[in-house]
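Single-structure report; data block below.
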There are 2 protein chains.
Amino acid sequence: MAVTRDDVARLAGVSPATVSYVINNGPRPVSEETRAKVLWAIEQLGYQPNVMAQNLRRQRTNTIGLVFTTIERHLTHPYFVDLLTSVGEECARHGFDLLLSTCTDRALEQSIYERLVGGRRVAGVILTGVRHNDARIAYLSAEGFPFVVLGRPEPDEDFPYIDVDGAQGTDEAVQHLIDLGWRRIAFIGLSAELICADDRLAGYRRALERNGLPYDPRLVANMHTTEEAGHQAMAGFLALDEPPDAVLACSDELALGAMNAAQEQGLVVGRDVGVIGFDDIPSAAYCRPPLTTIRQPMYEIGTRLCRMLIQIIEGEEPEERQVVLPPTLVVRESCGARRCSS
Amino acid sequence: MAVTRDDVARLAGVSPATVSYVINNGPRPVSEETRAKVLWAIEQLGYQPNVMAQNLRRQRTNTIGLVFTTIERHLTHPYFVDLLTSVGEECARHGFDLLLSTCTDRALEQSIYERLVGGRRVAGVILTGVRHNDARIAYLSAEGFPFVVLGRPEPDEDFPYIDVDGAQGTDEAVQHLIDLGWRRIAFIGLSAELICADDRLAGYRRALERNGLPYDPRLVANMHTTEEAGHQAMAGFLALDEPPDAVLACSDELALGAMNAAQEQGLVVGRDVGVIGFDDIPSAAYCRPPLTTIRQPMYEIGTRLCRMLIQIIEGEEPEERQVVLPPTLVVRESCGARRCSS
DNA sequence: CTGAAAGCGCTTACAG
DNA sequence: CTGAAAGCGCTTACAG
């Protein structure tokens, strides 16, 4: 059995309340002598306060929830590791714990959030992969529960978020392709239900238009972000009567799949076809040829999102509430940058 | 304010205890009429039991703890994503939550565990990266707290674990190199404090000896598993009077760094020098040339470890207690397998 | 079949 | 400066 506050009180010869006051180091004055006795007893017994009891009594949990969705054993977001690392570190800095839930089936999603939120298992949640008419956001808003979001809302919604300017990213990427001489540029977008999918498509179209290039819907696909999907989409494009000479994919996994599809047809990526990805995952630097890609500062985003959420939980006014960060185009060799420099 | 059990009782016109009995669906008989009233009231109010209160009263938490160590913003274990995914899914299957703690500084490690364990924040923990004389294991054993370990113990210790036979993996890898004609094989091992580092070194030496090849300590390095470290180790080897013609690295990140170091010196990997990694991370399939590597079934290990831990927490006899799984050599092109087939 | 009551391990106003 | 007491939201033996 674990040692409790009462054990400490007994050994120290004081009341249980006094033990609490010493632990919490609150405003209440405690004599040095009493404090010393209590600290000694705590040391002796190796006492640690029961966190559940503390939380129940204090009516707060100091725990942040993060639900990640897996499809076929895979995280659906390639950036998840950076997010997790930064959120975890920021939580630790503020004395918060991080509760992770896995969601393998969309049908269960709502019940996971209801348990976490309604059961007061966590004090706030971080949402990723926001969708159109997202039921999670409707629920959290209705409950008045603290949450922050990775990604922007729809126009009629208003909540705290941090996002990367996806349109700027895809616009710059397309411009980069055009500057290098590619003219027929395909687009492998994200699942259409995701809000950020619109944004990225808009940047793609904007850049085409600005350069007087036509928009051809046959050159646009919406996929879940896996390598297989990228392969499939690219194979489809290459089978067209007028195949594209370049492709912009909305994740590096999609881009890697697209590269493989092109290579299988004997095309040399960077010479016969240009490829750009999104995210800058580790493989992007190591694949052949190295992948030009749009980098999102995920570590920084995780840190700031977490800080924002904790401020909201604590009832403070958050220092920042709605942030859009610029992405960075990381130029490597997959769209022929090297060809130009030679 | 959240709705409580008493609100439900009031609305349903029954005692609070009855609400509990309905929720817990226990052995106690409840009339259909009463049950219906209670369920109706729960539905009306959107009631969710307070998880902290339940846990405190039941004297258990249904939460599993996983502490991951970050160095310079990076997870120290490349396999962490697979582990996390599988553990998360297995937890969900059993109604457990997963609590993640970040440890950025070894000095804080002990206090993290003390809070988690002593504070009864979690019901059991999964340990990774076991070290010689690991203080965490000593602490958990002394507390009699449920834990399982990814990795084998030292000979005098006895605890539940799942491990991959690292010696078998490195032995096979070295044999593979030798079979392909490489003769002077370097070894980039893991941090010497890790128990699994010994194992892998032993496999390396065993294979050399069996083939009548000398063991040269100048060809052995122990590194943290980062790409930079791999680069540094390989650069050191290549600067020797008698540089190696092949290298076995104990993680793919180390191997990728080693490959880069070799390529910087103008060597063609797979022709001038053979490289093998460990883990089979995604980049291993995409790097150039694709990396031959030793694959660990991490997803499966996570699932089984988690199941084992939950059985121990529930007081059952675990179906399995100490498991050693074989790794698989995934042959790609970095040690010249293709050269042989041509 | 159902209710009143004890108690999980704490925090914190209240009284001295 | 310190203690006795109420209560956070539940579960579960005990009594009817």
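The values are calculated or read from the model by the stated rules, or taken from the named source; none is laboratory data. Remember, it's a predicted structure, so these values are computed and weren't measured experimentally. Cβ sites come from the backbone with ideal geometry, for glycine too, and all protein chains shown count toward neighbours. For accessibility, only protein heavy atoms count, side chains too; no ligands or nucleic acids. Shrake-Rupley method; radii C 1.70, N 1.55, O 1.52, S 1.80 Å.
Structure data summary
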item	result
Residue list for region A:21-53, filter: without any contact (Cβ under 8 Å) to a residue 40 or more places away in the chain, part of a helix (DSSP H, G or I) and away from DNA strand D (no atom under 11 Å from the Cβ)	A:ILE23, A:ASN24, A:LEU39, A:TRP40, A:ALA41, A:ILE42, A:GLU43, A:GLN44, A:VAL51
Selection within region A:200-209 - touching a residue at least 24 places away in the same chain (Cβ under 8 Å) and under 20 Å from A:CYS335 (Cβ atoms)	A:ARG200, A:LEU201, A:GLY203, A:TYR204, A:ARG206, A:ALA207, A:LEU208
B:GLY13 more than 14 Å from DNA strand D (Cβ to nearest atom) and surrounded by 14 or more Cβ atoms within 10 Å (Cβ to Cβ)	no
Single unsatisfied condition, B:VAL268 versus (1) without any contact (Cβ under 8 Å) to a residue 24 or more places away in the chain; (2) closer than 30 Å to B:ASP97 by Cα; (3) not acidic (Asp, Glu)	(2)
Pairs with Cβ under 8 Å, 6+ apart, first in region B:218-237 and in contact (Cβ under 8 Å) with a residue 40 or more places away in the chain, second among the hydroxyl-bearing types (Ser, Thr, Tyr)	B:HIS224/B:THR76; B:HIS224/B:SER191; B:THR225/B:THR76; B:THR225/B:SER191; B:THR225/B:SER251; B:GLY230/B:SER251
So A:ARG5, is it within 11 Å of DNA strand D (Cβ to nearest atom) and open to solvent by 80 Å² or more (accessible area, probe 1.4 Å)	yes
Given (1) open to solvent by less than 30 Å² (accessible area, probe 1.4 Å); (2) within 24 Å of A:GLY203 (Cβ to Cβ); (3) not in a helix (DSSP H, G or I), number of the condition A:ALA284 does not satisfy	(3)
Residue check for A:LEU56: open to solvent by 70 Å² or more (accessible area, probe 1.4 Å), within 13 Å of DNA strand D (Cβ to nearest atom) and assigned to a helix (DSSP H, G or I)	no
Pick from region A:115-161, criterion within 13 Å of chain B (Cβ to nearest Cβ), in contact (Cβ under 8 Å) with a residue 12 or more places away in the chain and charged (D, E, K, R), ranking: surrounded by the fewest Cβ atoms within 10 Å (Cβ to Cβ)	A:GLU143
Members of region A:16-30 that are open to solvent by less than 60 Å² (accessible area, probe 1.4 Å) and not β-branched (Val, Ile, Thr)	A:PRO16, A:ALA17, A:SER20, A:GLY26
Test: residue in region A:64-78 that is more than 11 Å from chain B (Cβ to nearest Cβ) and either without any contact (Cβ under 8 Å) to a residue 40 or more places away in the chain or assigned to a strand (DSSP E or B) (or both)	no
Check on B:LEU248, touching a helix residue (DSSP H, G or I) at 6+ places or on another chain (Cβ under 8 Å), within 11 Å of chain A (Cβ to nearest Cβ), buried (at least 22 other Cβ atoms within 10 Å of the Cβ) and closer than 26 Å to B:ASP198 by Cβ	no
Near pairs, Cβ below 7 angstrom, 6+ apart or cross-chain, from region B:1-20 (assigned by TED's automatic domain parsing to the domain that holds B:GLU33 and part of a loop (DSSP other than H, G, I, E, B)) to any residue that is of a type outside the set (A, V, I, L, M, F, W, C) and within 7 Å of DNA strand C (Cβ to nearest atom)	B:VAL14/B:THR34
Residue among B:GLY277, B:GLY236, B:GLY336, B:GLY266 that is modelled with pLDDT under 95, open to solvent by less than 60 Å² (accessible area, probe 1.4 Å) and touching a strand residue (DSSP E or B) at 6+ places or on another chain (Cβ under 8 Å)	B:GLY336
Search result, residues across region A:192-217 that are of a type in the set (D, E, K, R) and touching a Phe, Trp or Tyr at 6+ places or on another chain (Cβ under 8 Å)	A:ARG200, A:ARG205, A:GLU209
Pair list, Cβ < 9 Å and 6+ apart or interchain, from region A:286-309 residues that are under 20 Å from A:GLN322 (Cβ atoms) and touching a residue at least 40 places away in the same chain (Cβ under 8 Å) to residues that are open to solvent by 30 Å² or more (accessible area, probe 1.4 Å) and of a type in the set (A, V, I, L, M, F, W, C)	A:MET298/A:VAL81
Within region B:172-210, tally of residues that are in a strand (DSSP E or B) and open to solvent by less than 10 Å² (accessible area, probe 1.4 Å)	5
A:LEU45 being open to solvent by 30 Å² or more (accessible area, probe 1.4 Å) and more than 8 Å from DNA strand C (Cβ to nearest atom)	yes
Identity of the residue in region B:310-329, open to solvent by less than 30 Å² (accessible area, probe 1.4 Å) and touching a residue at least 40 places away in the same chain (Cβ under 8 Å), that ends up nearest to B:PRO282 (Cα to Cα)	B:PRO327
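Condition check ((1) closer than 17 Å to B:VAL148 by Cα; (2) surrounded by fewer than 19 Cβ atoms within 10 Å (Cβ to Cβ); (3) facing chain A (nearest Cβ under 10 Å)) across all residues:
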{"site": "B:GLU32", "(1), (2), (3)": "no, yes, no"}
{"site": "B:ARG35", "(1), (2), (3)": "no, yes, no"}
{"site": "B:VAL38", "(1), (2), (3)": "no, no, no"}
{"site": "B:ALA41", "(1), (2), (3)": "no, no, no"}
{"site": "B:GLU90", "(1), (2), (3)": "yes, no, yes"}
{"site": "B:LEU99", "(1), (2), (3)": "yes, no, yes"}
{"site": "B:LEU108", "(1), (2), (3)": "no, yes, yes"}
